[in-house]
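The next block holds one structure in the form of structure tokens; read it before the comments.
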Amino acid sequence: PEVEAQRRTIEAATLGRRIATLIAVEQGGGPREGQFDDKVIAEEVTPDVLAITLQDRWVLGVRRRGKQLWLELGESKGGACCACLLIHMGMTGAVIVQGVAAPVYKSFAVDETAWPPRFTKLELLMADAAGVSAPCVRLAFTDPRRFGRVLLRGADPFSRPPLSALAADPVTDPPSAEAFASVLRRGGAPLKAALLP
């Protein structure tokens with residue numbers, strides 16, 4: 001799925017790196033240029049809260065369940081997770097890594113000669129594994145239609161929605177053969193209806 005492709009791209013670019021700088025205003029020439037997008041960066045998170053939560057945190061892991069994607073962040077490389085940055089792409093959102101081909105599923109073109117991309121809502125500049133900021137890896141969350149969401153969570157992102165409301169992911173957490181057979185043996189329902197719960 002496209003979110004798993006995004007997860008792998010983000011993981012390759014960020015795992016073991018530190019968020020050296022973040023820019024939380026729209027960039028790249030969109031109609032909201034220079035404005036903080038409180039629709040996309042949701043739940044009353046302010047630029048200050050975003051900076052306090054993300055600045056100088058190390059990326060410990062990049063995870064996915066269904067269409068939800070999150071970065072597990074720690075105060076030290078190899079330390080315990082203390083916060084999570086959740087990203088939901090919505091219909092047109094994408095995370096673009098500078099110098100890496102843009103995802104093919106998105107519905108808008110990315111000018112790979114200009115940075116940041118148009119409609120960038122949040123940009124992260126990552127320090128390398130040694131903590132040095134240059135040359136850095138740059139990531140931009142872009143979303144022209146503003147259906148995506150950027151959320152903050154504590155160390156356990158499953159403690160509240162949206163992750164707490166999700167069922168197991170059939171790709172990352174497939175049911176055992178016994179559990180799957182048990183669902184099918186309940187009988188009386190068409191196959192699709194038996195598989196949906």
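Worth pointing out:
- Shape call, region 133-197: gyration tensor on alpha carbons, a/c limit 1.5: prolate
- ³J(HN,Hα) computed for each position of region 111-121 - Karplus, 6.51 cos²θ - 1.76 cosθ + 1.60, integer Hz, glycine/proline x: 6, 6, 8, 10, 9, x, x, 4, 6, 5, 9
- Note, ³J(HN,Hα) from phi for region 92-101, Karplus 6.51, -1.76, 1.60, rounded to Hz, x at Gly and Pro: 10, x, 7, 9, 9, 9, 4, x, 10, 3
- Span from the region 141-181 Cα centroid across to the region 32-105 one, whole angstrom: 14
- Among Pro31, Pro103, Pro157, the residue with the largest mean-square fluctuation in a Gaussian network model of the chain, with springs joining Cα atoms closer than 10 Å, is Pro31.
- Backbone geometry of region 5-21 corresponds, through the Karplus equation with coefficients 6.51, -1.76 and 1.60 at θ = phi - 60°, to 3J(HN,Hα) couplings of 4, 5, 4, 5, 5, 5, 4, 4, 8, 10, 4, x, 10, 10, 6, 7, 8 Hz, x marking Gly and Pro.
- Using the Cβ of Gly99 as centre and a radius below 15 Å, the other residues enclosed give a net charge of -2, where K and R count +1 and D and E count -1.
- Rounded accessible area of Arg64 (nearest 10 Å², 1.4 Å probe): 20
- For region 50-107, the gyration tensor built on C-alpha atoms gives a prolate shape. Its axis ratio a/c (a ≥ b ≥ c) is at least 1.5, and a/b is the larger of a/b and b/c.
- Given R0 = 45 Å, the distance between the Cβ atoms of Met91 and Thr21 translates into a calculated FRET efficiency of 0.95.
- Apportionment of accessible area to carbon and sulfur, region 51-197, percent (1.4 Å): 59
- Under the shape rule built on the C-alpha gyration tensor, where the axes satisfy a ≥ b ≥ c, the chain is prolate, since a/c reaches at least 1.5 and a/b is greater than b/c.
The values are calculated or read from the model by the stated rules, or taken from the named source; none is laboratory data. The structure displayed is predicted, hence computed values, not measured ones. As a convention, Cβ positions derive from the backbone with ideal geometry for all residues, glycine included, and neighbour counts pool all protein chains shown. Just the protein is used for accessible areas: all its heavy atoms, side chains included, with ligands, DNA and RNA removed. Shrake-Rupley method; radii C 1.70, N 1.55, O 1.52, S 1.80 Å.
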